[in-house]
Amino acid sequence: MDLPLLRGHQGIVRRLLRVTGIDVNQQDSGGRTALMWASQNNNEDVVRQLLVVDGVQKNIRDEQGRTALILASKAGHARIVERLLRSGDIDINVRDGISGQTPLICATIGNRDGIVNQLLELDGIEVNVQDESATMTALAWASYRGNESIVLRLLQAKGIDVNARTRRGRSALMEASHQGHEGVVGMLLQIKGIDVDIEDEDGRTASELATRAGYANIASILDNDPGEVDCESFWSWE
């Protein structure tokens, strides 16, 4: 199957799939299959056609260890992600071969709110997985990037570890504090069990990181007793 021709040419795909002996899992020089190309390029009709072919392999990896689901999640193609997930037999916790990022982490980093929601609805989704480069969880990434809606959704996920620490010893609260995301800091402080006194590998707390980064307002909030924080001043998800 001539993979470059698949970029948007549904008619060609339809005819090729009728050819006896066609290899739908053929990989190009980068290790990508037709399904991976279509998923990355948001061609829903081609994805639909390929997913019903007997023998199509949905979890094949390219040379960078990415699957069709990772490519679609990273690119933000929510309808493609939905089709892949509904087709069954998809590895939802697969890691890429570069940074060890899962579809959930990829979607979080890309601020793909809708895809994050889809993935978190799945049984078996691993919410506390850390990538291999930054050793950050999805919650740590969302906090670092200041995406309040994704932080909210992750905080509602069963089993979420709000105090998970990176290789450098930093928690989601510390990442948000260091980046100046006051809204995220406020949300995290409302969570039972949040630890404001964790120190990173350099012995710095969230408050100290905020101070060093010039966010005195966040440091002041963190230095208050958690019970004294005016949670009404922050975005509430209740």
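The values are calculated or read from the model by the stated rules, or taken from the named source; none is laboratory data. Predicted model only: the values in this text are computed from it and were never measured. Counting neighbours? That spans all protein chains shown, and the Cβs are built from the backbone with ideal geometry, glycine included.
Can you pull out the residues in segment 42-71 that are under 19 Å from the mean Cα position of the chain (by Cα) and more than 22 Å from L104 (Cβ to Cβ)?
none
Conditions (1) among the β-branched types (V, I, T); (2) surrounded by fewer than 24 Cβ atoms within 10 Å (Cβ to Cβ); (3) closer than 15 Å to R112 by Cβ; (4) modelled with pLDDT of 95 or more, marked per residue:
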{"site": "Q130", "(1), (2), (3), (4)": "no, yes, no, yes"}
{"site": "S133", "(1), (2), (3), (4)": "no, yes, no, no"}
{"site": "T137", "(1), (2), (3), (4)": "yes, no, no, yes"}
{"site": "S143", "(1), (2), (3), (4)": "no, no, no, yes"}
{"site": "I150", "(1), (2), (3), (4)": "yes, no, yes, yes"}
{"site": "L155", "(1), (2), (3), (4)": "no, yes, no, yes"}
{"site": "R165", "(1), (2), (3), (4)": "no, yes, no, yes"}
{"site": "R170", "(1), (2), (3), (4)": "no, no, no, yes"}
{"site": "L173", "(1), (2), (3), (4)": "no, no, no, yes"}
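Restrict the check to segment 95-111 and report whether at least one residue is under 9 Å from the mean Cα position of the chain (by Cα), surrounded by fewer than 24 Cβ atoms within 10 Å (Cβ to Cβ) and more than 17 Å from G183 (Cα to Cα).
Yes, that holds for at least one residue.
Can you go through E126, E82 and tell me which one is surrounded by fewer than 18 Cβ atoms within 10 Å (Cβ to Cβ), out of contact with any Lys or Arg (no Cβ under 7 Å at 6 or more places or on another chain), not small (G, A, S) and not in a helix (DSSP H, G or I)?
E126
How many residues does segment 129-146 contain that are among the hydroxyl-bearing types (S, T, Y) and part of a helix (DSSP H, G or I)?
Total meeting the criteria: 2.
Determine if segment 174-182 includes at least one residue that is free of Cβ contacts under 8 Å to residues at least 12 places away in the same chain and at positive phi.
no
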